[in-house]
């Protein structure tokens with residue numbers, strides 16, 4: 001069962017004498033099949049599926065052709081998240097490649113006593129939280145979005161003319177009570193929402209636009225932060241199962 005890489009030379013039996021031109025064609029077919037199966041079987045948010053699909057790449061090394069799940073390029077916040085790999089192989093108590101619930105503090109804090117964990121939001125995710133899922137509270141959603149748009153407008157006005165690399169504007173945050181608290185939570189998910197900007201770097205040239213974030217403190221003194229884990233999707237295994245058909249498409253009968 002492949003983890004995150006398919007070696008076409010090994011799977012299809014391609015050699016230098018067998019024609020690398022056709023292995024290039026096979027790589028494209030495998031890549032497209034991988035993307036198709038990901039759309040069908042990931043069962044995740046549109047952003048997660050998009051990140052996963054962007055990570056499916058073709059690489060040549062030492063005369064071999066690989067189709068692999070590479071880490072995606074930096075997002076607008078400059079992070080090179082490994083979420084696609086976690087979705088593929090699972091995430092659990094033993095890290096990537098395992099499954100099951102685990103206490104986030106073990107991985108995040110390590111030797112530290114506490115840390116501030118950022119949670120980024122979009123207008124779409126804020127609206128979804130305010131609507132309350134199946135509750136469909138449109139009136140509350142409209143009020144929350146109006147508040148957030150006000151934060152954004154005032155943030156933009158304060159930051160006009162500042163350096164593109166500037167990140168600070170910590171003077172105004174969304175208050176508590178805009179959405180209901182979830183069971184076991186100290187505060188609601190939008191309490192303390194702030195508008196800020198991520199640092200512009202060579203690796204992240206598109207940074208600098210407004211970002212919505214909340215920050216929550218995690219510590220050894222707090223209750224355990226239990227993550228349910230991520231179930232391995234193993235889309236690469238489904239691609240392997242499709243290899244007989246792919247070989248027929250590329251090489252004929």
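May I ask you to list the residues in segment 108-135 that are surrounded by 13 or more Cβ atoms within 10 Å (Cβ to Cβ) and either assigned to a helix (DSSP H, G or I) or out of contact with any strand residue (DSSP E or B) (no Cβ under 9 Å at 6 or more places or on another chain) (or both)? Listed by number, the residues that qualify are 108, 125, 126, 127, 128, 129, 130, 131, 132. Residues in segment 160-198 that are modelled with pLDDT under 90, outside any loop (DSSP other than H, G, I, E, B) and under 23 Å from residue 143 (Cα atoms): 195, 196. Screening residue 138 on (1) farther than 21 Å from residue 48 by Cβ; (2) surrounded by 13 or more Cβ atoms within 10 Å (Cβ to Cβ); (3) at pLDDT 85 or above shows it passes everything except condition (2).
Looking at the structure I just gave you, is residue 44 more than 26 Å from residue 230 (Cα to Cα) and at pLDDT 80 or above? Can you show your working first?
Working: more than 26 Å from residue 230 (Cα to Cα): no; at pLDDT 80 or above: yes.
Criteria not met by residue 44.
The values are calculated or read from the model by the stated rules, or taken from the named source; none is laboratory data. For clarity, every value in this text was computed on a predicted model and none was experimentally measured. Note that each Cβ is placed from the backbone with ideal geometry, even for glycine, and that neighbours are counted across all protein chains shown.
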